[in-house]
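The values are calculated or read from the model by the stated rules, or taken from the named source; none is laboratory data. Just so it is clear, the model here is predicted, and its values are computed rather than measured. Cβ placement follows ideal geometry from the backbone for every residue including glycine, while neighbour counts extend to all protein chains displayed. Only protein heavy atoms, including side chains, enter the accessible area calculation; ligands, DNA and RNA are left aside. Shrake-Rupley method; radii C 1.70, N 1.55, O 1.52, S 1.80 Å.
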Amino acid sequence: MGGSSNRSVAQWLSEGLTLFADGDREAAAECWRRVLSVEPTHPGARDYLRAIGDPAGLEGDGVEHHTQLELRDEAVELLSGGLVDEAYELMTTTGTEQTSDLETLALLELLRMHLHEDVIQRLGSSASVPVIEMAPEDLMKFNLPAGAGFLISRIDGHTPVSDLVAVSGMDPFETMHTLGRLLEAGIVGVAE
Amino acid sequence: MSDALIDYIDAPVLVGDPQANAVHVNPAFERCFGVDAQEALGMPLAELFEGGAREAMLVSVASACQRGGTARCRIRERGVGYCVVISPILRDGEGVGVVVLLSEEIEGTERLMSLRREMEVPIDEISTSLETLLQETGGRRNPGHRARLEDSLRSLGQLRKHADELSAVLVGQGSSTRSERFDPSGLVRQVAESVRELAETLGVELLLLAPASLDGFEGDGTTLATALRAMVEARLAVDPPPARLTLAARKLGAVDGEALLLSVSEKPRSGAFSEPFAEPGAVQTSLAGLGALVHGTAHPRLGRTSIVRLPGASQH
């Protein structure tokens, strides 16, 4: 990178991306830090640096980032004990899912995939038809969140899971995750 | 005898009511999809398709009906790929039905490239003939002939330009980064459909996790789709391939604006992945050109994933 001090902000950003793609994260970070030396609040450079956990991109939210890393480590600990659902809860209820940190996002994505697949396996397939296993008066005993209540209202004993996800209008992962919880609670079952 | 014009066109067409139940099935659809029009009437449009095509149609038809705008998807039925355009029928702004037009996709880029090359010779020959005619006759003797020949040469120049653009697109050299509105959910579905047959052949379960649509994204969706497809194909080329592949798309709320997150996640056939998948260099380069960061991770219990984080792609 020597002798290239006349490069524009766009060129430094682009050079950083190329170096990142080549696996040289430190050199990429150096390019993006150069952008910040010219434009200290450049959102693109800050975003990239934050994504790789570089301190220059964390100005103002360094403590928050540190906390998020601790939570990620804690989630990994839970995972090593087989507590997948608990690890997901920990990362989502603490706002960690709002992070830009790539490793945290990747772990969260793995958790989502695992939980999604787990619900499909428990249902049999996405063509399975969920049914309500309880009388309406028994349902009232549960303090169900709005999303779960809405989903229950869509379950008619004829609509397969794949269609339910499509017609619910909810985020597909959230739909499946909620369905998984309803299965666990015995509120929902699968039609024979 | 039918008096509907769509019964006389060669492309499969369906017409649905406001609830997206079939009210008209043209003979081309009957022929291509092996469906009896009378039996199909009243059935939900999506149920006239099978497997992944059914899922794609369900989502796209629902999207067209709910949003009142045109939806598009690609499907494969009976070994034939179709581009599907689903348009709502509006009366006084109210949706009163939906039209589904399916056009057969031409198989393979190679075939398109070959056609492009075959176009070159006749274009050159026509050009030479017109210029000769202009010089030998039209130019000197008849101003009317000259004007028409010059018009023809201009049109031919335009045709040559479009053919060159087609070549550039086919070899991935279109204008370096195109900016267009694109739906990441549709993009992920399109990639999944394009590899579904191969995945099935290899015994890989292919899952999709994306909302019906993700509005408001702008960028080079074509390059993004090509890169994502290359990521999936690279995983399917590994021996043994993974037991399961999940393609996902979602919107992230970031501090400095919304970002797009795409991911390709794998579950092993046995044991555990010891490290993230090494993405092909060409994929890394092409995604870097879009401003995207690619990152992979592996976990002994959860499998492995590669995420593509594209900041600032949302225009909302």
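Looking at (1) open to solvent by 30 Å² or more (accessible area, probe 1.4 Å); (2) in contact (Cβ under 8 Å) with a residue 60 or more places away in the chain; (3) not in a loop (DSSP other than H, G, I, E, B), which is the only condition B:PRO18 fails?
B:PRO18 satisfies every listed condition except (3).
So, in the range A:57-70, of the ones that are open to solvent by 30 Å² or more (accessible area, probe 1.4 Å) and aliphatic (A, V, I, L, M), which residue ends up modelled with the highest pLDDT?
Per the criteria, the residue is A:LEU69.
In this structure, does B:GLU200 turn out to be more than 10 Å from chain A (Cβ to nearest Cβ), acidic (Asp, Glu), within 30 Å of A:GLY57 (Cβ to Cβ) and open to solvent by 20 Å² or more (accessible area, probe 1.4 Å)?
No.
What do you reckon, is B:GLY221 away from chain A (no Cβ under 14 Å) and over 16 Å from the mean Cα position of the chain (by Cα)?
It is false that B:GLY221 is away from chain A (no Cβ under 14 Å) and over 16 Å from the mean Cα position of the chain (by Cα).
Can you tell me which residue within the range B:205-241, out of those that are in a loop (DSSP other than H, G, I, E, B) and in contact (Cβ under 8 Å) with a residue 60 or more places away in the chain, is most open to solvent (accessible area, probe 1.4 Å)? Reasoning before the result, please.
Keep residues of the range B:205-241 that are in a loop (DSSP other than H, G, I, E, B), which gives B:210-216, B:220, B:237-241.
Narrowing further to those that are in contact (Cβ under 8 Å) with a residue 60 or more places away in the chain: B:212-213, B:215-216, B:220.
Working: B:ALA212: 49, B:SER213: 34, B:ASP215: 66, B:GLY216: 9, B:ASP220: 11 Å².
Selected residue: B:ASP215.
What are the pairs with Cβ atoms under 6 angstrom where one residue, in the range A:14-38, is within 13 Å of chain B (Cβ to nearest Cβ) and the other, located anywhere, is among the charged types (D, E, K, R)? Sequence gap at least six, or different chains.
Here the result reads A:ALA29/A:ASP54; A:CYS31/A:GLU15, each pair linking the range A:14-38 to a residue that is among the charged types (D, E, K, R).
Yes or no: B:LEU252 of a type outside the set (Ser, Thr, Tyr), touching a residue at least 24 places away in the same chain (Cβ under 8 Å), open to solvent by less than 10 Å² (accessible area, probe 1.4 Å) and facing another protein chain (nearest Cβ under 8 Å)?
Working: of a type outside the set (Ser, Thr, Tyr): yes; touching a residue at least 24 places away in the same chain (Cβ under 8 Å): yes; open to solvent by less than 10 Å² (accessible area, probe 1.4 Å): yes; facing another protein chain (nearest Cβ under 8 Å): yes.
Criteria met by B:LEU252.
Being surrounded by 15 or more Cβ atoms within 10 Å (Cβ to Cβ) and touching a helix residue (DSSP H, G or I) at 6+ places or on another chain (Cβ under 8 Å) is the filter here; which residues of the range B:61-80 pass it?
Listed by number, the residues that qualify are B:VAL61, B:ALA62, B:ALA71, B:ARG72, B:CYS73, B:ARG74, B:ILE75, B:ARG76, B:GLU77.
Does the range A:118-144 hold any residues that are of a type in the set (D, E, K, R) and touching a Gly at 6+ places or on another chain (Cβ under 9 Å), and which are they?
A:ASP118, A:ARG122, A:GLU133
I'm trying to understand the selection: among the residues of the range B:295-310, which are surrounded by fewer than 24 Cβ atoms within 10 Å (Cβ to Cβ), facing chain A (nearest Cβ under 7 Å) and within 23 Å of the chain's Cα centre (by Cα)?
Within the range B:295-310, no residue meets the criteria.
Does B:ALA288 satisfy being free of Cβ contacts under 8 Å to residues at least 12 places away in the same chain and open to solvent by less than 30 Å² (accessible area, probe 1.4 Å)? Lay out the reasoning, then the answer.
Numbers: free of Cβ contacts under 8 Å to residues at least 12 places away in the same chain: yes; open to solvent by less than 30 Å² (accessible area, probe 1.4 Å): yes.
When the stated conditions are applied, B:ALA288 passes them.
Output the residues belonging to the range A:3-52 that are closer than 22 Å to B:ALA278 by Cα, among the β-branched types (Val, Ile, Thr) and surrounded by 20 or more Cβ atoms within 10 Å (Cβ to Cβ).
Answer for the range A:3-52, where residues must be closer than 22 Å to B:ALA278 by Cα, among the β-branched types (Val, Ile, Thr) and surrounded by 20 or more Cβ atoms within 10 Å (Cβ to Cβ): just A:ILE52.
Return the total of residues in the range B:255-277 being in contact (Cβ under 8 Å) with a residue 12 or more places away in the chain, in a loop (DSSP other than H, G, I, E, B) and within 14 Å of another protein chain (Cβ to nearest Cβ).
Of the residues in that region, 9 qualify.
Answer yes or no as to whether B:PRO280 is more than 16 Å from B:ARG229 (Cα to Cα) and surrounded by fewer than 19 Cβ atoms within 10 Å (Cβ to Cβ).
No, not satisfied.
Quick check on B:LEU45: is it buried (at least 22 other Cβ atoms within 10 Å of the Cβ), in contact with a strand residue (DSSP E or B) (Cβ under 9 Å, 6 or more places away or on another chain) and within 18 Å of A:ASP163 (Cβ to Cβ)?
yes
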